[in-house]
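Student: My questions will all concern the structure given below.
The values are calculated or read from the model by the stated rules, or taken from the named source; none is laboratory data. Since this is a predicted model, take the numbers as computed values, not measurements. Here the Cβ positions follow ideal geometry from the backbone for every residue, glycine too, while neighbour counts run over all protein chains shown.
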Amino acid sequence: MKKSYILFTALLALLTISCGDKETQPAVDNTPAIPVTVQAVTDNNSSPFLAVSGKVQAANSAQLSTRMMGFVNDVPVNVGDQVKKGQLLVAINNADLQAKKGQVNASITEATAAFNNAQKDYNRFKNLFADNSASQKELDDITANFNMAKARLEGAQQMKNEINAQFAYSNITAPFNGVITSKNIKKGDMANPGQPLLSIEAPGDFEVMAMVPETEISQIKKETEVQVTISSIQQTLTGKVKEVSTSAQQTGGQYLVKITIDKTDVPVLSGMFATIAFPVERKAANHNVLIPATALITKGQLTGVYTISENNTAMLRWLRLGRTLGDQVEILSGLNADEKYITSSNGKLFNGVKVTIQ
């Protein structure tokens, strides 16, 4: 019995030691590593770009209004319609102008008859005076009547020109080929002098209006080629500086710079916001850490990038971003110049997942 007890105790001890060895063995992670592509951080210590914000607008646009008051008879166009130069856009009731035009035409007819009669008398008395058959006083009176008749006829003709000019404000036509972008009036409304009625823009030609701070405006020159990035359509276009303002009196310390955008098939629309990168000299003390915008990861209000840890696992690093320079983004904090980040992967990345560099 005693031998059996000793044997049972020995077996129990061996079993305990065996179980303890199993618990202390580390778990093996057999998850396959995700192939990734990495890129080194670009440290641009002399960035050739000055980036400012701007807004796209049509190079040729117009806001149409009238100088006369009247009820609108017709507005045969709508927003988005393409129109040709000279096409009728707004018709305003011009019955009063028609009446004035009739009166002016009658005045011209009367003045023309009086002028013709005075001219005949003037020619007749001039010949009589040359033959000593009329006195100087008679010639002077006839000359004065002739000049007054001529002046009345010219005055009536100028009144007709004035009426015709007013007709142009009763029938608003397109000043150039374009697209209707806004419509602020409809049939039956009362049009008032100076009231915006329609807006029209010429498609295809665009420019960007940018505001440059006073510390940088001296470096901006006309005819300089620039990069225009429109984030809403994720496109970077080329342009050229057309105008540089020399006064900020009306713009609160910001100087207006106008950039023309080269013709493109990209669907640019007026009103889009843009970032303009000016190629200007920068001080060598400025260190710019740049990475492609496509490598960024956005989660809510946070933006980051995946890096590789010492254990060859993906590690999400949150960043503080600066300016957008073309397709590159400036990193203010979160990455150093000696680090690498993941640009693409063949699987879903998350914190701690094993990765292998392709």
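Student: Right, residue 132: over 49 Å from the mean Cα position of the chain (by Cα) and assigned to a helix (DSSP H, G or I) or not? Spell out the reasoning first.
Tutor: Numbers: over 49 Å from the mean Cα position of the chain (by Cα): yes; assigned to a helix (DSSP H, G or I): no.
Criteria not met by residue 132.
Student: Follow-up question, since we're still on this one. Of all residues in the stretch 247-274 being of a type in the set (Ser, Thr, Tyr) and modelled with pLDDT of 85 or more, which is farthest from residue 199 (Cα to Cα)?
Tutor: Quick first cut of the stretch 247-274, residues of a type in the set (Ser, Thr, Tyr) only: 247, 251, 255, 260, 264, 270.
Cutting the leftovers down to modelled with pLDDT of 85 or more gives us 255, 260, 270.
Working: 255: 27, 260: 21, 270: 12 Å.
The selected residue is 255.
Student: Moving on to the next point. What are the pairs with Cβ atoms under 9 angstrom where one residue, in the stretch 223-238, is not assigned by TED's automatic domain parsing to the domain that holds residue 328 and the other, located anywhere, is part of a strand (DSSP E or B) and among the basic types (Lys, Arg)? Sequence gap at least six, or different chains.
Tutor: From the stretch 223-238, the pairs are 223/240; 223/242; 224/240; 225/240; 226/240.
Student: Any residue that is polar (S, T, N, Q) and in a helix (DSSP H, G or I) - is there at least one of those in the stretch 187-200?
Tutor: Step one: of the stretch 187-200, the residues polar (S, T, N, Q) are 192, 195, 199.
From what is left, the residues that are in a helix (DSSP H, G or I) are none.
Checking the stretch 187-200: not a single residue is polar (S, T, N, Q) and in a helix (DSSP H, G or I).
Student: Something else: Please go through the stretch 57-116 and pick out each residue that is hydrophobic (A, V, I, L, M, F, W, C) and part of a loop (DSSP other than H, G, I, E, B). Break it down stepwise before answering.
Tutor: As a first pass, look at the stretch 57-116 and keep what is hydrophobic (A, V, I, L, M, F, W, C): 58-59, 62, 64, 68-69, 71-72, 75, 77, 79, 83, 88-92, 95, 97, 99, 104, 106, 108, 111, 113-115.
Answer for the stretch 57-116, where residues must be hydrophobic (A, V, I, L, M, F, W, C) and part of a loop (DSSP other than H, G, I, E, B): 59, 68, 69, 75, 77, 79.
Student: Something else: Restricting the search to the stretch 289-327, which residues are crowded, with 20+ Cβ neighbours inside 10 Å, touching a Phe, Trp or Tyr at 6+ places or on another chain (Cβ under 9 Å) and modelled with pLDDT under 85?
Tutor: 291, 325
Student: Residue under question is residue 191, and the condition is that it be exposed (fewer than 14 other Cβ atoms within 10 Å of the Cβ), small (Gly, Ala, Ser) and in the same structural domain as residue 84 (by TED's automatic domain parsing); does it hold?
Tutor: Details: exposed (fewer than 14 other Cβ atoms within 10 Å of the Cβ): no; small (Gly, Ala, Ser): yes; in the same structural domain as residue 84 (by TED's automatic domain parsing): yes.
No, not satisfied.
Student: Spot the failing condition for residue 198; the list is (1) farther than 21 Å from residue 56 by Cβ; (2) buried (at least 17 other Cβ atoms within 10 Å of the Cβ); (3) at pLDDT 90 or above, and only one is missed.
Tutor: (1)
Student: Mind checking which pairs have a first residue in the stretch 263-277 that is assigned by TED's automatic domain parsing to the domain that holds residue 233 and surrounded by 13 or more Cβ atoms within 10 Å (Cβ to Cβ) and a second that is of a type in the set (Asp, Glu) and outside any loop (DSSP other than H, G, I, E, B), Cβ under 7 Å, 6 or more apart or different chains?
Tutor: Between residues of the stretch 263-277 that are assigned by TED's automatic domain parsing to the domain that holds residue 233 and surrounded by 13 or more Cβ atoms within 10 Å (Cβ to Cβ) and residues that are of a type in the set (Asp, Glu) and outside any loop (DSSP other than H, G, I, E, B), the close pairs are 270/201.
Student: Would you mind finding the one in 129, 125, 115 that is in contact with a helix residue (DSSP H, G or I) (Cβ under 7 Å, 6 or more places away or on another chain) and touching a residue at least 24 places away in the same chain (Cβ under 8 Å)? If you could, list the steps in order and put the result at the bottom.
Tutor: Working: 129 fails: touching a residue at least 24 places away in the same chain (Cβ under 8 Å); 125 fails: touching a residue at least 24 places away in the same chain (Cβ under 8 Å).
Within the list 129, 125, 115, the selection yields 115.
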